[in-house]
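Participant: Got a structure for you, questions after.
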Amino acid sequence: MKPVLTIILALLSFGIFAQTDITPRVADAIKRGDANGVASFFMPQVEIEIDGEEATVSAADAKARLARFFAQNPAKDFAIKHQGTSKLDDQYRIGELATAKGNFRVTFFMKKMGASMQIKQLKIEGV
């Protein structure tokens, strides 16, 4: 009985994790250059850094900054290269964005808010 219960709990845990992991949807939005798609996962206040310009702004302002970036650098492809958990128990993802004007390293930190994850920090830097 115990092995069956262990398997059931493991499957339930995996199902819960799979529902809260926003990484595939965020990665797809970045790959398409979709600022609205990325912004749909922003916390109300977001730390954003694009090419060295850093600020903590509202989600709406962060979305506008990201939209400007994508307008100037049309996205061609995006792939997650590394992921993990920070000392503060935030999830992070690091990926490479290929654009019409060059490649960029994209890092985003996510924090669990209620039952879902939200992006609290987004950084885009040229490589």
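Participant: Where does each of M117, M110 land when they are ranked from fewest to most other beta-carbon atoms within 10 angstrom? Display every interim value, and only then the final one.
Facilitator: Working: M117 20, M110 23.
Least crowded to most crowded, the residues run M117, M110.
Participant: While we're looking at this one, here's another question. Ignoring the sites themselves, what is the longest stretch of the chain with no trypsin sites (Lys or Arg not before Pro) in a DSSP loop and at most 16 other beta-carbon atoms within 10 Å?
Facilitator: Working: sites that count: K87, K101.
Within the chain, the longest run free of exposed trypsin sites (Lys or Arg not before Pro) spans 1-86.
Participant: Defining a contact as two alpha carbons under 8 Å apart and six or more residues distant in sequence, what relative contact order in percent does the chain show?
Facilitator: Values: 224 pairs, mean separation 29.6, N = 127.
The value is 23 percent.
Participant: Next question, about the same structure. Hey, can you grab everything whose amide H is under 5 Å from the amide H of F78? Only 5+ residues off in sequence or another chain; H modelled, so Pro and N-termini drop out.
Facilitator: Placed amide hydrogens put A98 under 5 Å from F78.
Participant: Can I ask one more? Of K63/K111; K63/K87; K31/K87; K31/K81; K76/K111, which pairs sit farther than 23 Å apart, going by alpha carbon to alpha carbon?
Facilitator: Violating the 23 Å Cα-Cα cut-off are K63/K87; K31/K87; K76/K111.
Participant: Considering only the other residues whose Cβ falls under 10 Å of the Cβ of I94, what net charge follows from Lys and Arg at +1 and Asp and Glu at -1?
Facilitator: Values: positive: K81, R93, R105, K123; negative: E96.
Combined, the nearby Lys, Arg, Asp and Glu give +3.
Read the figures in this text as sums done on the coordinates, not as results from a lab. The structure displayed is predicted, hence computed values, not measured ones. Methodologically, a virtual Cβ is constructed for each residue, glycine included, from the backbone with ideal geometry; neighbour enumeration extends over all protein chains shown.
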